[in-house]
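**Q** Please see the structure below; I have some questions.
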Amino acid sequence: MKLALDKEHWNQLTNEEQRVILNKGTEYPNTGEYNNFYSNGTYVCKQCELPLYESSDKFNSGCGWPAFDDQIGDNVRRILDADGRRIEIVCANCDGHLGHVFQGERFTPKNTRHCVNSISMKFIPKII
């Protein structure tokens, strides 16, 4: 896994990845690669490969997007969404759009749901 802290080393994005990650778009529900995916490993930012989520924090919320109830350290940053109501989540290194975070839904004991676009992430399997 290569962490690209500076912009000149970030991964090239496809047009669809740019639409979501750079322009704050959203995948259609139930279409993302990682929605019903439960292998053991780490999810990293598609653009800069900063580790974002561990598979142990992923759960099925039924929302149509991958859901996590925790993040890795301070690697996911929260900002007020342009709609003024929701909280957007972005990669703390490259500011790439990940999705939104919701509190108080009681899906897990942590009472937090990071609703993340699959296209914003890359999965790195755990090597045993």
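**Q** Exactly one of (1) touching a Phe, Trp or Tyr at 6+ places or on another chain (Cβ under 6 Å); (2) assigned to a helix (DSSP H, G or I) is unmet by Arg19. Its number?
**A** (1)
**Q** Moving to a separate point now. Filter the range 1-41 for residues that are at pLDDT 95 or above and among the hydrophobic types (A, V, I, L, M, F, W, C) and give the result.
**A** Passing the criteria: Leu13, Val20, Ile21, Leu22, Phe37.
**Q** Pairs only if they're at least six apart or on different chains, beta carbon under 8 angstrom, first in the range 12-34 and without any contact (Cβ under 8 Å) to a residue 60 or more places away in the chain and surrounded by 15 or more Cβ atoms within 10 Å (Cβ to Cβ), second polar (S, T, N, Q) and assigned to a loop (DSSP other than H, G, I, E, B); list them, first residue then second.
**A** Partner pairs satisfying both residue conditions: Leu13/Gln47.
The values are calculated or read from the model by the stated rules, or taken from the named source; none is laboratory data. All values derive from a computational prediction rather than experimental measurement. We place every Cβ from the backbone using ideal geometry, glycine too, and count neighbours over all the protein chains shown.
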